[in-house]
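Encoded as structure tokens, the structure appears first; notes follow it.
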Amino acid sequence: MINIKFQSVGIKLASNLYNNMKKIYFLLFVSFAISSIQSQGFEYGIVGGINLSSSGNLTKLTSELTSFDQAKNAVNGFNLGLYGQLKIAMLYLRPELHFSKFETSYDALSVGKTRIEAPVSVGFKLLPLISAFAGPTYRYDLSENTDSFTVESVQGESTLGLHFGARVHLGKLGLEARIERGITDNEAQILSDKNVNIGVIDERAPLLSLGFSYAF
């Protein structure tokens, strides 16, 4: 009887040890996988910034924001979100997900709006600390679709625009300026001629966004 009890205790201890070892191996595997991805140039973090009304014309930016008061009056919203970035040779691929709040004006009436934005950038290092980037931006207006927020509604009612800009890399901190705009009729026609289906075209007014990012 005593031998049976000892055997039962031994089996239980062995089972607990086996389960604990599985957990340890799993944690080691996850740690190794994360370290491998990071060593290959993957990073992730938070992004945020302010949105300013702009013509979207690079040659006119300096004349549009000639003073602090003028820049302050141009601010019409903010954005906050997350990003992931994968380095590929001299390039990097950077998808982001933003919550954005801004104001638009119709005949002197200011209307507040919120939206989800998903910009996907392809960047290129011009200098060790400076890169240029561009790509598409998918947008879904929350303020107009709050009552019917489903995966199907996001897929069917999201719109597509463009963005481009420059980023300064200071270790884990990044500072950037980007122009967000819609797709022009000529660009839409070119895509249509090449049988590129981009869904609903975004005809948004251009915005200048000044932001930051911080890598974890």
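Here are some pairs, K72/K125; K113/K172; K72/K172; which of them have Cα atoms lying more than 29 Å apart in this structure?
Result: K72/K125; K113/K172 exceed 29 Å.
Please order D141, D193 by the number of other Cβ within 10 Å, starting at the fewest.
D193, D141
The numbers here are math on the coordinates, done by the rules we state, and not lab data. Computed from a predicted structure; not experimentally measured. Methodologically, a virtual Cβ is constructed for each residue, glycine included, from the backbone with ideal geometry; neighbour enumeration extends over all protein chains shown.
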